[in-house]
1. Pairs A:183/B:274; A:183/A:229; A:2/A:167; A:255/B:171; A:112/A:207; A:183/B:85: which exceed 20 Å Cα-Cα?
2. Sort out for me the Cα centre separation of region A:196-246 from region A:50-121, rounded to whole Å.
3. Taking only C-alpha pairs under 8 Å that are 6+ residues apart, what is the relative contact order of region B:124-260 in percent?
4. Return the calculated 222 nm mean residue ellipticity for chain B, to the nearest 500 deg cm²/dmol, obtained by summing -39500 (n - 2.57) across DSSP H runs with n ≥ 4 and dividing by the residue count.
5. What percent antiparallel are the DSSP beta bridges of the protein assembly as shown, to the nearest 5?
6. Give me the distance between the Cα centres of region A:1-37 and region B:249-278, rounded to whole Å.
7. Can you say what percent of the DSSP beta bridges in chain B, counting only those with both residues inside, are antiparallel? Round to 5.
8. So what is the relative contact order for chain A, in percent, with contacts set as C-alpha pairs under 8 Å and at least six apart?
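Only the coordinates and a few stated rules stand behind these numbers; no lab work does. Predicted model, so just to flag it, every value in this text is computed and none were measured. FYI the Cβ positions are ideal-geometry reconstructions off the backbone, even for glycines, and counts take in every protein chain you see.
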Protein chains: 2
Amino acid sequence: MKSLQEIAAHAQARKVKTRIAVAVAEDSNTMGALCRAAQEGFVFPILIGTKQRILSLLETAALPSEAYQIIDIPDQDAATKAAVKLVKTGQADVLMKGLVSTDKFLREVLNKQRGLLPPNVVMSYTCALELPKYHKLLLISDTAVLPYPDLNQKIAMVNYSVKMAHKLGIKEPKVALISATEKVTEGMPNTIDSALISKMAERGQIKGCIIDGPLDVFLACDPPSVQIKGVPTPIAGDADILIFPNLETANAFYKGLMLFAEGELAGLIQGTEKPVIVMSRSESEKSKYYCLALSCLMTEVR
Amino acid sequence: MKSLQEIAAHAQARKVKTRIAVAVAEDSNTMGALCRAAQEGFVFPILIGTKQRILSLLETAALPSEAYQIIDIPDQDAATKAAVKLVKTGQADVLMKGLVSTDKFLREVLNKQRGLLPPNVVMSYTCALELPKYHKLLLISDTAVLPYPDLNQKIAMVNYSVKMAHKLGIKEPKVALISATEKVTEGMPNTIDSALISKMAERGQIKGCIIDGPLDVFLACDPPSVQIKGVPTPIAGDADILIFPNLETANAFYKGLMLFAEGELAGLIQGTEKPVIVMSRSESEKSKYYCLALSCLMTEVR
């Protein structure tokens, strides 16, 4: 799959309704995305929140009443708890954030008793970024969760992103470990982590991908730059996955491209027992729709 | 000035030939940019390096022999020393890197006796980035020199960029201190620096600009995001200058936009007695030409 549209088409073609538990569902963008995906037949929304508000948002969508379920819990904390519980107990396949704040939502996801993150598992975030000027999707991590990942967290970021690439049908994704330079230098500790991860992959400690770093964005995504600089790298300007040194870098990178390069994206929390969709309120309906399609693919057993 | 082309037009209109000392000039991109700027009448190149190679590169340019000077010094170290000396002694106005490695070149610029950086002055880098989808130039810092700037270095980055904005005719540039979030949190030390710098500006400790941070790229450059998020900031999605938390972030940001958003840029070393142009070999002739135009403007006394 080389585009978000292909991901959505694949989700539709599966003819499986993934059950989405939505915490505090009364948010118009979120409801818009859910209604579209439900109409296209690939999700079954379980809408938890204030019933009256949810119903009024449903009015415009003309979704048949058997195509969704509403659970009336007006209190935000209680609604979030209920949504997490549905996923935890196998009554829903995917958890999605609605109008509740990200902090409150994640606190429940991370709760040691009731939450969705197994003990000692790294939680991270991977996005699929579509750019009109790149010939395929770019999976990027971590734009949202880990501020300053250490070596082990970076390895987890690699593994999660590789797993997502496999689900998208990319058998051996090319992973670029991004820095400002391709040189390994003590002055930039991230280049050291990148060198270590590259070597670990060479030793078979990371599997299912071709991985190299440190590399800058040019060497990762632009074949002419690789030629001019003469850097021998198996990524060769054809990266499928970019692993960033820290959240600030990943965040500025994707936001710049959303604004100025007509970027579009879908992202998911990584490490949880089931897919979790956490999009900010300002994110578009389209992005949320693509998140739903992506989450359906990630629930697929292959 | 809202575009690199306007900067070039302004440099041409001044009718002043800025003297450019070029260290190891025998590089085709560099020579191409110099010949174009010389033909347009705004630079006088002093080409230091291997005379025969320089002459053969000049053949295609058809530049009259009175429009440049060649100093035949084949040894790279000696040529670089000579170029720096010309600028240091006022016989040239701008220093430019040619085929010599950036390391060697900067070592000479930074030399305590012979170099161009006054004692206790922060050396940094500011770029003017032009994006078809943004309504004006974005000045960004630091894409090249300071890996992890501390508070004082960030303040220097602000002051250098503000000075460049003034030279470009922007009276009160809007400076956004970029982070992944607009929230001040101890978990992300850069947000603390940003808050401190904002407050310092409020107290008159930084002048000549409107400054705010922490802000993410959306709040800095996209008015609708400011509206949706309801964050009260004088930058209001209309930033002239972006100050990044570290080199990795600035570097990935601009390289992504060069590749995928048809970005074009010109940059200069900041802090030196005279403008210094350090472009990598892979940079285009056009970028080097715009650097020359920008350096001419920076030598202007107002």
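1. A:183/B:274; A:255/B:171; A:112/A:207; A:183/B:85
2. 39
3. Worked out over region B:124-260, it gives 31 percent.
4. Numbers: 11 runs with 125 residues, N = 302.
Dividing the helical sum by the residues of chain B leaves -12500 deg cm²/dmol.
5. Numbers: 22 of 74 bridges.
Here the antiparallel bridges make up roughly 30 percent for the protein assembly as shown.
6. Centre-to-centre (Cα) distance: 40 Å.
7. Among the beta bridges of chain B, antiparallel pairing accounts for roughly 30 percent.
8. Across chain A, relative contact order equals 23 percent.
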